[in-house]
Amino acid sequence: MEQMIQDLHSHTYYSFCGGDKPEEIVEAAIAGGIKLFGITDHNYGIGNARMDLFYYSGSDIGENYERTLVRYYDHMNLIKEKYADQICVLRGIEVATMKEGRIALPDSADISFFDYCLVENLDLTDISVAHGDLFAFAKRCGCPVGVAHTDMFAFIEKLGQKPEDYFKRMAKEHIFWEMNVSYDSIHHYREHPYMLRFFEDEEQQRIVRESGVRLSIGFDGHRVKDYLPERVADYCGRVTEMGIKLAFEE
């Protein structure tokens, strides 16, 4: 059976920190042999639409938030259809939970129609609208959920829970955990310590494997010029060799 090579974390010009057209990042993924590709722009970049208004505290920009989410989804759906015979594109969104400014996803915003979402800032329990409750927030999202660039073992320990039990519940509720393998100029070529630790720690691997929770691989790309699809493929292969299933793998 052909190995699934997936990248479920990428950004376009819809994210304030992104720089490329959706077509450009999808074509880079195709050229790199990616089979399943998720576009996950930041909710605040999509919903607030314009950076100048986002940073201007006196502006009232919330009234069109949901409309811009739908518009973004419709655009990504056109991208999905355009490249359907070359790659499977998923219409995702990265959801911030941090309370600062206009970053967090508004309570009223519906994202249930997306193929999935990546949730970030969960471990910042004091300033996260999720208040450390992943499972309640996942229900609020209403679509498949992945936890982005978070040290889940440290987070679970902070909650005072057993990782075996927590990961089993994640598996039961179809919540996956992202291995963020970014290595680019936007992130100053830093690698996530939690990710490096996981691929070296056989006990962590055993707990995840036996729990049944799935992992995803995400390059978290912001510039096509920095994209390393071979790095993505390598880490997908490592997960498969561990006997752990990838997100959306049949």
Under 7 Å between Cβ atoms, at least 6 apart or on separate chains: pull out the pairs that start in region 79-103 with a residue that is within 14 Å of Ile39 (Cα to Cα) and without any contact (Cβ under 8 Å) to a residue 40 or more places away in the chain and end on any residue that is open to solvent by less than 50 Å² (accessible area, probe 1.4 Å) and not in a loop (DSSP other than H, G, I, E, B).
-> Lys80/Val89; Lys80/Arg91
Hey, does region 90-104 have a residue that's closer than 25 Å to Pro22 by Cα, assigned to a loop (DSSP other than H, G, I, E, B) and under 14 Å from the mean Cα position of the chain (by Cα)?
-> yes
Of the residues in region 1-48, those that are small (Gly, Ala, Ser), open to solvent by less than 10 Å² (accessible area, probe 1.4 Å) and part of a loop (DSSP other than H, G, I, E, B) come to Ser15
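The values are calculated or read from the model by the stated rules, or taken from the named source; none is laboratory data. The shown structure was predicted, so the numbers you read here are calculated from the model rather than taken from an experiment. Note that we place each Cβ from the backbone using ideal geometry, even for glycine, and neighbour counts take in every protein chain shown. For the accessible areas, the whole protein counts, side chains as well, though only heavy atoms, and no ligand, DNA or RNA atoms are used. Shrake-Rupley method; radii C 1.70, N 1.55, O 1.52, S 1.80 Å.
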